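Q: Right, I'll just put the structure down here and ask away after.
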């Protein structure tokens, strides 16, 4: 290549430098073929000894690939794309989406204290003698001697910054307490989301609350064609249902959750959940402002790992600079730009959703064998390329363990 003068040469060199820098930081990854995904999934299952796994791939906001592998129970019955599986903490992501719908309708405000949404002060609800109440919510009377309950807002619930433990009943004395000033740090808490569920379901009808979360979420599931998803048990799920396996390879029966608990009661299928995630990444059903708010960096995450609760912050120089709580999800930045993710886990369940905003690409994985979790980082990277999803922070050395 020849140039007319030194200025032209410098201009072309600058353009090449900028182009190389952009593509080095934000490459376009070619999605693998269906057969390549099949082969990779089977390798992961063999390596982790997982009995069942279902996966969906979304590209530009459209579901492009859905498949299920392995078995759904100890009877060796096959896992299919319509097998009902436990959603675990992916329920939190679904709940957050519906909270933002209520924000759009003006029924809630992210930064108005939750107690203002109630007919009476929060601490007048939920004594330990009320077993029916405690089956869904928390013993809020326990907070009577700590005035910080007045500060807790929906934003704090959705960013896991209420100061509560994961659940009140895992406290040594089974008493609800606030461990740090609300809003000041991240510490994973299903209890915080249960509080927001309580405000939505039992709050002031004069401002449009008193909303049944089962009815609200089912309306969305119906709209999206999610025919085998609900936040509580449906008897027809039993016809094609996944049991699970723990990290010792022992089967565990699927339980029947009789109450909506937004921290983790959802049953779903890979076919259904992929439709929801595609709608979420596109922003269907939300205003542009609310959709943006969900995956905007809200609160810096400063710990080495997601658990245990209340772990100390890393020195600032060791903190991951891009790791933040969004609303119901965790957000990050990587070689392919901004992304968000959410996991779901119990002794026999391993789930993950990873989405990239720019390309509206996602991977959704449901497994009824917790051991599959150890293969998620490699599997997601194989499909999406290098995303820098913070699996080290989420799992630490606990990936695939009950």
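Q: Looking at 317, 313 in this structure, which one is exposed (fewer than 13 other Cβ atoms within 10 Å of the Cβ) and either over 17 Å from the mean Cα position of the chain (by Cα) or not in a helix (DSSP H, G or I) (or both)? It would help to see each step written out before you state the result.
A: Values: 313 fails: exposed (fewer than 13 other Cβ atoms within 10 Å of the Cβ).
Every option except 317 fails the conditions.
Q: Checking the conditions here, which among 241, 209 is more than 27 Å from residue 324 (Cα to Cα) and in contact with a strand residue (DSSP E or B) (Cβ under 9 Å, 6 or more places away or on another chain)? Please lay out each step first, then the result.
A: Working: 209 fails: in contact with a strand residue (DSSP E or B) (Cβ under 9 Å, 6 or more places away or on another chain).
Result: 241 is the single residue among 241, 209 that is more than 27 Å from residue 324 (Cα to Cα) and in contact with a strand residue (DSSP E or B) (Cβ under 9 Å, 6 or more places away or on another chain).
Q: Let me ask something else. Return the total of residues in the stretch 237-273 being touching a residue at least 40 places away in the same chain (Cβ under 8 Å) and farther than 14 Å from residue 370 by Cα. Before the answer, list the steps.
A: If we filter the stretch 237-273 for residues that are touching a residue at least 40 places away in the same chain (Cβ under 8 Å), which is where we start, we get 237, 240-249, 251-252, 254, 259-273.
Checking the rest, the ones that are also farther than 14 Å from residue 370 by Cα come to 237, 240-241, 259-273.
Residues in the stretch 237-273 being touching a residue at least 40 places away in the same chain (Cβ under 8 Å) and farther than 14 Å from residue 370 by Cα: 18 in total.
Q: While we're on this one: Residues being touching a strand residue (DSSP E or B) at 6+ places or on another chain (Cβ under 7 Å), over 10 Å from residue 296 (Cβ atoms) and either modelled with pLDDT under 95 or assigned to a strand (DSSP E or B) (or both): count how many of those fall in the stretch 326-339.
A: So the answer is 4.
Q: While we're on this one: Which condition does residue 237 not pass, out of (1) buried (at least 20 other Cβ atoms within 10 Å of the Cβ); (2) in contact with a helix residue (DSSP H, G or I) (Cβ under 9 Å, 6 or more places away or on another chain), if it passes all the others?
A: Failed condition: (2).
Q: Among residues belonging to the stretch 334-347 that are more than 13 Å from residue 89 (Cα to Cα) and surrounded by 18 or more Cβ atoms within 10 Å (Cβ to Cβ), point out the one that is farthest from the chain's Cα centre (by Cα).
A: Step one: of the stretch 334-347, the residues more than 13 Å from residue 89 (Cα to Cα) are 334-340.
Filter once more, keeping what is surrounded by 18 or more Cβ atoms within 10 Å (Cβ to Cβ): 334, 336, 339-340.
Numbers: 334: 18, 336: 20, 339: 12, 340: 9 Å.
Ranking the qualifying residues of the stretch 334-347, first place goes to 336.
Q: Still on this model: What number of residues within the stretch 348-357 are part of a strand (DSSP E or B) and more than 10 Å from the chain's Cα centre (by Cα)? First the steps, then the outcome.
A: Taking the stretch 348-357 and keeping what is part of a strand (DSSP E or B), we get 349-356.
Going one step further and asking which of them are more than 10 Å from the chain's Cα centre (by Cα), we end up with 349-350, 355-356.
Qualifying residue count, the stretch 348-357: 4.
Q: Given the conditions (1) within 23 Å of residue 326 (Cα to Cα); (2) touching a residue at least 24 places away in the same chain (Cβ under 8 Å); (3) outside any strand (DSSP E or B), and given that residue 375 satisfies all but one, which numbered condition is not satisfied?
A: Going through the list (1) within 23 Å of residue 326 (Cα to Cα); (2) touching a residue at least 24 places away in the same chain (Cβ under 8 Å); (3) outside any strand (DSSP E or B), residue 375 breaks only (1).
Q: Can you spot a residue in the stretch 71-84 that is closer than 30 Å to residue 199 by Cα and modelled with pLDDT of 95 or more? Spell out how you get there, then give the answer.
A: Let us first name the residues in the stretch 71-84 that are closer than 30 Å to residue 199 by Cα, namely 84.
If we keep only those that are modelled with pLDDT of 95 or more as well, we get 84.
Yes, the stretch 71-84 contains at least one residue that is closer than 30 Å to residue 199 by Cα and modelled with pLDDT of 95 or more.
Q: While we're looking at this one, here's another question. For the stretch 64-77, enumerate the residues that are part of a strand (DSSP E or B) and either under 15 Å from residue 366 (Cβ atoms) or in contact (Cβ under 8 Å) with a residue 60 or more places away in the chain (or both).
A: Step one: of the stretch 64-77, the residues part of a strand (DSSP E or B) are 64-71.
Answer for the stretch 64-77, where residues must be part of a strand (DSSP E or B) and either under 15 Å from residue 366 (Cβ atoms) or in contact (Cβ under 8 Å) with a residue 60 or more places away in the chain (or both): 65, 66, 67, 68, 69, 70, 71.
Q: Give the residues of the stretch 386-397 that are modelled with pLDDT of 95 or more and touching a strand residue (DSSP E or B) at 6+ places or on another chain (Cβ under 9 Å), sorted by residue number. Step through it out loud before you land on a result.
A: The first filter runs over the stretch 386-397 and keeps only residues modelled with pLDDT of 95 or more, leaving 386-394.
If the condition is that a residue be modelled with pLDDT of 95 or more and touching a strand residue (DSSP E or B) at 6+ places or on another chain (Cβ under 9 Å), then 386, 387, 388, 389, 390, 391, 393, 394 are the ones that fit.
Q: While we're on this one: Out of curiosity, is residue 216 touching a helix residue (DSSP H, G or I) at 6+ places or on another chain (Cβ under 9 Å), assigned to a helix (DSSP H, G or I), farther than 17 Å from residue 87 by Cα and in contact (Cβ under 8 Å) with a residue 60 or more places away in the chain? Full working, then the answer.
A: Values: touching a helix residue (DSSP H, G or I) at 6+ places or on another chain (Cβ under 9 Å): yes; assigned to a helix (DSSP H, G or I): yes; farther than 17 Å from residue 87 by Cα: yes; in contact (Cβ under 8 Å) with a residue 60 or more places away in the chain: yes.
So residue 216 passes the test.
Q: Being part of a loop (DSSP other than H, G, I, E, B), touching a helix residue (DSSP H, G or I) at 6+ places or on another chain (Cβ under 9 Å) and crowded, with 21+ Cβ neighbours inside 10 Å is the filter here, so list the residues in the stretch 183-210 that pass it.
A: Of everything in the stretch 183-210, those that are part of a loop (DSSP other than H, G, I, E, B), touching a helix residue (DSSP H, G or I) at 6+ places or on another chain (Cβ under 9 Å) and crowded, with 21+ Cβ neighbours inside 10 Å turn out to be 189, 203.
The values are calculated or read from the model by the stated rules, or taken from the named source; none is laboratory data. Only a predicted model underlies this, so the values are computations on that prediction, with no experimental measurement involved. Neighbour counts are summed over all protein chains in view; Cβ atoms, including those assigned to glycine, are modelled from backbone coordinates with ideal geometry.
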